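Asks: Sharing a structure, written as structure tokens. Questions coming.
The values are calculated or read from the model by the stated rules, or taken from the named source; none is laboratory data. For clarity, every value in this text was computed on a predicted model and none was experimentally measured. With ideal geometry, Cβ positions are generated from the backbone for all residues, glycine too; neighbour counts draw on all protein chains shown. Accessible surface is based on the protein model in full, side chains and every heavy atom, while ligands, DNA and RNA are left aside. Shrake-Rupley method; radii C 1.70, N 1.55, O 1.52, S 1.80 Å.
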Amino acid sequence: MTDEPGISFSLALRDGYAFTVDFGDAGIPPMTIDETPPLGHNDGPNPSRLLAASIAGCLGASLLFCLRKAHVDVATLNADVHVTNGRSEKGRLRVKKVAVRLAPAVPADQHIRMARCLEIFEEFCVVTASVREGMEIDVTVETQAA
């Protein structure tokens, strides 16, 4: 199995604990991420919210893709997300659970065609599958002159 081409982007400290994320794509505007008070100023979503939004967005897209392939007319698709935080054995704050409720609006006469999609769509969500299985994360620190 070979790896697919990856993506690269950059973050730059704005102020406090806020970073500007530049996705390196002219079609995607930069965004601010920030920690919640008292550490940050809540000037943008924090990394935990981005993680949960990524999970929900990927699940929604996977379900929508499957439903469209099954010729199911999806009028709307909404998601509600709940993040549960907790402490690790060392007392460090961690994301313990992300609960996602997907709510597609589909004509009643097409509900039967949804069955197979509801069985398999999670398997095709890259983010959810990666988080569930764990992933390799390499970290390096290269100190720069100020």
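Asks: Find the accessible area per residue for the chain; the probe is 1.4 Å, ligands and nucleic acids are left out, and the unit is Å².
Replies: On the way: 11190 Å² over 146 residues.
Ligands and nucleic acids excluded, the figure is 77 Å² per residue.
Asks: Another question, then. How high is the relative contact order of the chain, in percent, counting Cα pairs under 8 Å that sit 6 or more residues apart?
Replies: Working: 184 pairs, mean separation 23.3, N = 146.
Relative contact order comes out at 16 percent.
Asks: Calculate the dipole size of region 42-146 relative to its Cα centre from +1 charges on Lys and Arg beta carbons and -1 charges on Asp and Glu beta carbons; express the result in debye to the nearest 20.
Replies: Working: 13 positive and 12 negative charges, 74 e Å.
Using only the charged Cβ atoms, the result is roughly 360 debye.
Asks: Separate question: Using only protein heavy atoms and a 1.4 Å probe, report how much of residue 124 is accessible, in Å² to the nearest 10.
Replies: Its heavy atoms expose roughly 140 Å² to the probe.
Asks: Of the heavy-atom accessible surface of the chain (probe 1.4 angstrom), what whole percent is carbon and sulfur? Mind dumping the intermediate values first?
Replies: On the way: 6140 of 11190 Å².
Percent of accessible area from carbon and sulfur atoms in the chain: 55.
Asks: How many nm separate the modelled label positions at residue 115 and residue 26, each set 7 Å beyond the Cα in the direction of the Cβ?
Replies: 4.9
Asks: Also: Please work out how much length the chain gains when fully extended from residue 95 to residue 126, using 0.36 nm per residue of separation minus the C-alpha to C-alpha distance, in nm with one decimal. Write out the running numbers ahead of the final one.
Replies: Numbers: separation 31, 0.36 × 31 = 11.16 nm, distance 1.87 nm.
Using 0.36 nm per residue and subtracting the Cα-Cα distance, I get 9.3 nm.
Asks: Here is a further query. For n ≥ 4 DSSP H runs only, could you compute -39500 (n - 2.57) per run for the chain, divide by its residues and tell me the 222 nm figure to the nearest 500?
Replies: Working: 3 runs with 37 residues, N = 146.
Helix-only estimate at 222 nm: -8000 deg cm²/dmol.
Asks: Test of understanding: in a Gaussian network model of the chain with alpha carbons linked when under 10 Å, which of 118, 67, 59 would top the mean-square fluctuation ranking?
Replies: Comparing 118, 67, 59 in a Gaussian network model of the chain, the most mobile one is 118.
Asks: Right, another one. Put 32, 143, 128, 84 in order of accessible area, largest first, 1.4 Å probe: what do you get?
Replies: On the way: 32 30, 143 130, 128 10, 84 55 Å².
Order by accessible area, largest first: 143, 84, 32, 128.
Asks: Here's another thing I want to ask about it. Test of understanding: what is the full-extension gain from residue 105 to residue 87, defined as 0.36 nm times their sequence separation minus their Cα-Cα distance?
Replies: Values: separation 18, 0.36 × 18 = 6.48 nm, distance 3.71 nm.
Result for the pair: 2.8 nm of gain on full extension.
Asks: Consider the candidate values (1) 12.2; (2) 9.1; (3) 12.9; state which one is mean projected area of the Cα convex hull in nm² computed from the structure displayed.
Replies: Checked against the structure: label (3).
Asks: While we're looking at this one, here's another question. Roll a 1.4 Å probe over the protein heavy atoms and report the accessible area of residue 69 in Å², nearest 10.
Replies: 140
Asks: In region 14-102, with Lys and Arg counted as +1 and Asp and Glu as -1 at Cβ, which of these residues, 50, 102, 33, has the Cα nearest the positive end of the dipole, that is, farthest along it?
Replies: Sorting the options by dipole projection puts first 102.
Asks: Roughly how tilted is helix 47-69, in degrees to the nearest 10 and between 0 and 90, from the longest Cα axis of the chain?
Replies: Result, in degrees: 20.
Asks: Using Cα-Cα distances under 8 Å and only pairs 6 or more residues apart, what relative contact order does region 48-97 have, in percent? Please list the in-between numbers first.
Replies: On the way: 33 pairs, mean separation 14.9, N = 50.
Reported as a whole number, the value is 30 percent.
Asks: To the nearest 10 Å², what's residue 141's accessible area with a 1.4 Å probe?
Replies: Counting only protein heavy atoms, the figure is 130 Å².
Asks: Given the options 130, 48, 62, which has the most mean-square fluctuation in a GNM of the chain, springs set between C-alpha atoms less than 10 angstrom apart?
Replies: Checking each option, the largest mean-square fluctuation is seen for 130.
Asks: Oh, and also: For 121, 19, 65, write out the residues from largest to smallest accessible area, computed with a 1.4 angstrom probe and no ligands counted. Mind showing how you got there, number by number?
Replies: On the way: 121 20, 19 75, 65 135 Å².
Sorted descending by solvent-accessible area, the residues read 65, 19, 121.
Asks: Which residue fluctuates most in the GNM of the chain (Cα springs below 10 Å): 12, 103, 52?
Replies: 12
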